[in-house]
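Please treat every number below as a calculation from the coordinates, not as lab data. All figures in this text were calculated on a predicted structure; none of them were measured in a lab. Backbone-built Cβ (ideal geometry, glycine too); neighbour counts: all protein chains shown.
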Amino acid sequence: MMKQTNQKTAIIPHFLCSVLGHKYEVSRQVTYHVKEYKCKKCSKELTTDCNGDLIELTPKYREINSILSRIHLKRQARIRREELLTAYKMSS
Ligand SMILES: [Zn+2]
């Protein structure tokens, strides 16, 4: 009996979403263009693919995003370093 009740409560948000539509909010900014979204109601996750379309966040895409995020952070750090170096050269 307990199991049945649990299943029911889990189905309701999905049902509401299919009627009213998902309520997505950005859960993670991966790069400037790639973001991960999560539905506030049913916790369904989406991400942006390389064409800028929204697709379901599968484990494969989650992995791609974590790699992208790492590259993005590294690039950001390098740009900042180059900017500092340029500023230093200009001031000397
Ligand atoms: Zn939803």
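Remarks
- Sorting LYS41, LYS89 from the fewest to the most surrounding beta carbons within 10 angstrom yields LYS89, LYS41.
- The C-alpha atoms of the chain define a longest principal axis, and helix 59-91 lies at about 20 degrees to it.
- Taking every C-alpha pair closer than 8 Å and separated by at least 6 residues, the mean separation divided by the residue count of the chain gives a relative contact order of 17 percent.
- If only the Cβ of Lys and Arg carry +1 and only the Cβ of Asp and Glu carry -1, the dipole of the chain around its Cα centre is close to 320 debye.
- For ARG28, the residues whose amide H sits under 5 Å from its own are GLU36, ignoring neighbours fewer than 5 places away on the same chain, with H placed 1.01 Å from N.
- For the chain: lysine pairs under 25 Å (alpha-carbon distance), excluding those fewer than 8 apart on one chain: 23
- Annotation for SER69 and TYR32: the two label points, set 7 Å from Cα along the Cα-Cβ direction, are 2.0 nm apart.
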